[in-house]
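What follows is a set of notes on a single structure, which appears directly below.
The values are calculated or read from the model by the stated rules, or taken from the named source; none is laboratory data. From a predicted model like this one, the values you see are computed outputs, not experimental measurements. A quick note on method: Cβ atoms are made from the backbone with ideal geometry, for glycine too, and the neighbour counts reach across all protein chains shown. For accessibility, only protein heavy atoms count, side chains too; no ligands or nucleic acids. Shrake-Rupley method; radii C 1.70, N 1.55, O 1.52, S 1.80 Å.
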Amino acid sequence: MGEEEASEQQPIRESMGEEDAVEQMEVPTEAVEKPSEESSYRWPVIQYDVPPYRTYHFFNHFRTPSNPNNFLKGVKWSPDGSCFLTCSDDNTFCSFTLPYDESGWLADTSSSAADTDSYAASLVMSEGESVYDYCWYPYMSSSRPETCVFASTARDHPIHLWDATTGQLRCTYRAYDAMDEITAAFSIAFNPAGTKIFAGYNKSVRIFDIHRPGRDFTQHSTLQGNKEGQSGIISSIAFCPSHSGLLATGSYSQSTAIHREDNMELLYVLHGQEGGVTHVQFSKDGNYLYTGGRKDPYILCWDIRKTVEIVYKLYRSSETTNQRIYFDIEPQGQHLGSGGQDGSVHIYNLQTGQWVSSFRAASDTVNGFSFHPFLPMAASSSGHRRFGVLDDACEDLLLTGDDENCVSVWSFSYSASSENADSPNFGGSNGKSELQDLHQEP
């Protein structure tokens, strides 16, 4: 792990030993103030009954002669909405910055050839092994380069903190097992204050202070002394956005647990997922929790104020794929979108639990879906692992179109609401041209 040692950052206030002494690099020193909730901007009312317009499309970038069947493993918008980050099976991260023209409007690349990508990736970063999880720093802002970071965890590697402006590794956070060997986290998440990284391991959660890279951490077992609690590998972590001090941890043991953030006290454990939990997310008001599992066709909705039974189930096609399928909740908090192995993205009304609409996003498994933090846009990623017999020329292993193993950015039609009626950035028209009012560079 000599390369990992060389990437270790010297802490801001406390010097490390000589074995970790390297060139000092910046980590975010404090949380950036959140935008005022009294801002005049409001999330537009999306018309989900109108199919979205594919604004940008990428597929050639992820296909190389050495790995023609490379597939995507997810896509996530940056908190400031300036770019989105993809992860693929070749252990690479790609950052795509939204293109703006000289007038400050979102560039139109519809004239590009059908067999080419809309534009090139801004950055490409390579991990050493298969990526388990990654997440953006919650106060990332392109106007403050010191906050432009994201964390990742990969097999047999420590947690890495990457610079999203240069593509360089800023620092590492290492956990060791009983044999004093590096053990990899299976899931990671920044706490709402942006001061700590919570990492999921087998039957435990380790907490790292982002200002103290290295092997300093606190460890909390998810099992209590009487063996009650949450067993298995902690595969996903999510924090409550209402600042209630709660966090949820999903496990491959088909359970989800709710903890207190300050002392990791276990409050209760939820059972009901048919497969190992692969993704958890709180509602915007923090009262509900949504969980999804591997080879489980349902996203479950839980009321964390009374966890006796499931509120409702949202169907998605995922019964026969091992792929982790991400879902996301729009900024307004009223709709949820999720992909599936049928190649479609399904939109659900979270107030009623009813299906609203769907649209075709790819011709293979849509494994990632992410709403833009303030524009009426979303990004989707697709692909799945293909297996074949060596002496059998199986046509299913060959990618034949630009709708397989691809990333797309979608623009939704919208209408003005009572809150937005006085804003000059909103209009009531539909179609591609309507987005120009909202696509002005923030």
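Using bins of 5 Å that start at zero, the share of Cα-Cα pairs per bin across the range 71-220 amounts to 2, 9, 17, 21, 18, 13, 8, 5, 3, 2, 1, 0, in whole %.
3J(HN,Hα) along the range 152-168: 9, 9, 9, 4, 6, 10, x, 6, 10, 10, 9, 8, 7, 9, 10, x, 8 Hz, from the Karplus curve 6.51 cos²θ - 1.76 cosθ + 1.60 with θ = phi - 60°, whole Hz, x for Gly and Pro. Under the criterion of Cα pairs below 8 Å and six or more residues apart, the relative contact order for the range 290-364 equals 21 percent. Contact order, relative form, for the range 71-220: 15 percent (alpha carbon pairs under 8 Å, 6 or more residues apart, mean separation divided by residue count).
The distance separating the Cα centre of the range 242-266 from that of the range 96-143 comes to 32 Å. Report note on the peptides 124-134, 198-208: ranked by the mean count of other C-beta atoms within 10 Å, highest first, their order is 198-208, 124-134. Distances between placed amide hydrogens fall under 5 Å for Ala175 paired with Ile159, Thr183, all partners being 5 or more residues away or on another chain.
How long are the semi-axes of the equivalent ellipsoid of the range 240-315, defined as square roots of 5 times the Cα gyration tensor eigenvalues? Whole Å, largest first. Before the final figure, lay out each step's value.
Values: eigenvalues 75, 37, 22 Å².
Rounded to whole Å, the semi-axes are 19, 14, 10.
Per residue, the convex hull around the alpha carbon atoms of the range 207-357 comes to 132 Å³. To the nearest 10, the accessible area of Thr116 is 60 Å² with a 1.4 Å probe.
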